[in-house]
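The values are calculated or read from the model by the stated rules, or taken from the named source; none is laboratory data. Values in this document were obtained by computation on a predicted structure and should not be read as measured data. All accessible areas refer to the heavy atoms of the entire protein, side chains included, with ligands and DNA or RNA removed. Shrake-Rupley method; radii C 1.70, N 1.55, O 1.52, S 1.80 Å.
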Amino acid sequence: MQQQGFTTGRLADAVAATRDVNADAPDGSSSSSSSGDRLNFRVVVTLPASSAQKGCSTWFDSKERITLFRQLVSGAYATALKIPKGEVQIGSVNVALLAPAAHTQDEAQQPLQQQIAKALTGQGLTSDDVNNSSAFDQAPACPFPPTKANSAPDKAGRLWSLNNSNNKLCAFRPYPDITPSAPVISWATASDCAGAANVTNSVTDDDGRLWGWQQDASCAFRSSAPLNGPVPPNIQAKSGRTDSQAFQELMSNLSGGYVSVVWEAAPACPFAPTSVNSVPDRFGRLWSWHSGKSCAFKPKS
């Protein structure tokens, strides 16, 4: 049982208990005995701190519970492999305390935004010195579009992520031609979406048509009835709106599941996304407002 930072007395008791029962296997055979060719392997179980106390006390605080643990595990393996239970022997159960590592498995399983925030803190980018833009300007550009899930802001609101290739910080700046953009998709040429449309997997355009997002591309729910109610007026067709007013309406529409233009046909925003000037749609894609139109934070066409 591997647990980072678990230091209560119950763990020490559990370790002592395992020493008591490891001399002999439950069937009376020696834990070190072998009949024929056998393959020994080690299973390491990692628990979050919130459940470590319960997990250790449930399975490892007495001989009886460790015996039950052995029986359950050996029985499960024998059933899965379709072999007699007697051929699966668990001769040793150890509960070990491992010191925290620089990058633990628990950390790797954290949501990406938490990992980014931790990396930003480590680089001093969450301090109050919001005017220092040198780190942002010198950081490598992220080679992918920002989304709600893959980005986190620094103290100045600038968006960062972790590069997939090296797990190091990258910055979302105005896009150069990083990669060719996807071909423009129209309602007539879009692929059919798999499955049925619902209020979480679709957005509605100005014509009331339902669009999905599958395999990193827009798809069409052609046979589905409208889900989001009446389509709001097209703010891109309105006049006399300030950019601030239009952006507020864009936020409201996106949160309600409406988009004025399919993602692939939207113009690319010519500025960097921040926590202030971007708003996500239902799929986490980031939008903004520029020159009287909604724009998308994606590579330029």
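A few comments on the model shown:
- Area of V88 that stays accessible when all protein chains are in place (1.4 Å probe, Å², to 10): 30
- Sequence-distant lysines (8 or more away, or on other chains) whose Cα lies within less than 24 Å of K293: K148, K238
- Amide H contacts under 5 Å for A220, placed H, 5+ residues apart: S191, D192, C193, G212
- Carbon plus sulfur fraction of accessible area for the range 154-301, probe 1.4 Å, in percent: 53
- In this structure, the amide hydrogen of Y258, modeled 1.01 Å from its nitrogen in the peptide plane, lies closer than 5 angstrom to those of T204, counting only residues at least 5 positions away or on a different chain.
- Y258, Y77, ranked by accessible area, largest first (probe 1.4 Å): Y77, Y258
- Prolate/oblate/rounded label for the range 236-286 (Cα gyration tensor, a/c 1.5): rounded
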